[in-house]
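The values are calculated or read from the model by the stated rules, or taken from the named source; none is laboratory data. The model shown is predicted, which means the values in this text are computed figures rather than measured ones. Reconstructed Cβ throughout: ideal geometry from the backbone, glycine too, with neighbour counts over all protein chains shown. To get the accessible areas, we keep the full protein, side chains included, count just its heavy atoms, and leave off ligands, DNA and RNA. Shrake-Rupley method; radii C 1.70, N 1.55, O 1.52, S 1.80 Å.
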Amino acid sequence: AFPYDAYTRISAQDADALFAHLRSLAPVVQANRPHALRFPYGTQAALAVWRTLYFRPGHFEPVAGQSAAWNRGAYLVQGLGHCAACHAERNALGAVREPEALRGGLIPMQYWFAPALGGDTRPVEQQVRLLQSGRSADAATLGPMAEVVLHSSQHLTAADLEAMAVHLRSLPPPSRPAPTDAALVVPLRDQGERLYATHCASCHGDDGRGAGA
């Protein structure tokens, strides 16, 4: 749940700054809740095996020959932004495949496909606007990405958003289309049906034709 596999790329200076900010927050009285992971996923032994197989501690290394903006964008995308947590494929044990490629991936448990981020030829300013406001001239963020804009990317500086756009534009276009099979569409439709029944049907009717006042 916590993206430490991406945060390992964060510089010591930024990690210290995050820690200093967290320590400045007012304490709250909140009992920790036990996790609800089924066996063996909730055991330290399972975590140790997973870390041995897939976790590689390290830090971000600037790429020689790339601009300062590109490297700043790569640092934000790969580390603090942890874009690969949604926009990259995962294997059967939940490990991210090719985190720097960002070729698109199915978000676990949400039946939501995060698209590939490469191959975008829109102007940089449109990409910046999308990350800053959730809308651009020809696109809008939905679902989990709308939450990212609300809680995260809208607060970034214009320079950092532009750096992210510069880096993302350099990624190759996706090699395959987004999935449209029943494994993705049917659960998403069922989820939408439940949401409609809970929040909409009382006014708009079960069939969407409206209901009398």
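Which one of ARG129, ARG97, ARG90, ARG122 is in contact with a strand residue (DSSP E or B) (Cβ under 8 Å, 6 or more places away or on another chain), of a type in the set (Lys, Arg) and touching a residue at least 12 places away in the same chain (Cβ under 8 Å)?
None of the other options fit; the residue is ARG90.
Each row is one residue, and each column tells you yes or no for (1) farther than 30 Å from PRO40 by Cα; (2) surrounded by fewer than 19 Cβ atoms within 10 Å (Cβ to Cβ).
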position	(1), (2)
GLN78	no, no
HIS82	no, no
PRO99	no, no
LEU102	no, no
TYR111	no, yes
PRO115	yes, yes
GLY143	yes, yes
LEU150	yes, yes
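State which residue is nearest to HIS82 (Cα to Cα) when the search covers only the range 129-141 and only residues that are surrounded by 14 or more Cβ atoms within 10 Å (Cβ to Cβ) and of a type in the set (A, V, I, L, M, F, W, C).
Looking at residues that are surrounded by 14 or more Cβ atoms within 10 Å (Cβ to Cβ) and of a type in the set (A, V, I, L, M, F, W, C), I get LEU131.
Quickly run through the range 90-103 and pick out the residues that are at pLDDT 90 or above and either under 21 Å from MET164 (Cβ atoms) or in a strand (DSSP E or B) (or both).
Correct list: ARG90, VAL96, LEU102, ARG103.
Where in the range 107-173 are there helices (runs of 4 or more DSSP H), lying fully within it, with 2 or more residues that are under 15 Å from the mean Cα position of the chain (by Cα), under 25 Å from ARG189 (Cβ atoms) and of a type outside the set (A, V, I, L, M)?
143-151
Restricting attention to the range 169-208, and to residues there that are in contact with a Gly (Cβ under 7 Å, 6 or more places away or on another chain) and at pLDDT 85 or above, which single residue is most open to solvent (accessible area, probe 1.4 Å)?
HIS204
I'm trying to understand the selection: among the residues of the range 1-37, which are surrounded by 10 or more Cβ atoms within 10 Å (Cβ to Cβ) and over 24 Å from LEU76 (Cα atoms)?
Passing the criteria: only LEU37.
Within the range 104-128, take every residue that is out of contact with any Pro (no Cβ under 8 Å at 6 or more places or on another chain) and of a type in the set (Val, Ile, Thr) and give me the one that is modelled with the highest pLDDT.
Among them, the one singled out is VAL128.
Quick check: is even one residue across the range 42-52 farther than 24 Å from ARG72 by Cβ, open to solvent by 80 Å² or more (accessible area, probe 1.4 Å) and β-branched (Val, Ile, Thr)?
Yes, that holds for at least one residue.
On the given criteria, is GLY65 modelled with pLDDT of 95 or more and surrounded by 13 or more Cβ atoms within 10 Å (Cβ to Cβ)?
no
Does ARG72 meet the test of being farther than 30 Å from THR52 by Cβ and surrounded by fewer than 16 Cβ atoms within 10 Å (Cβ to Cβ)?
Considered against the rule, which asks whether it is farther than 30 Å from THR52 by Cβ and surrounded by fewer than 16 Cβ atoms within 10 Å (Cβ to Cβ), ARG72 comes out as no.
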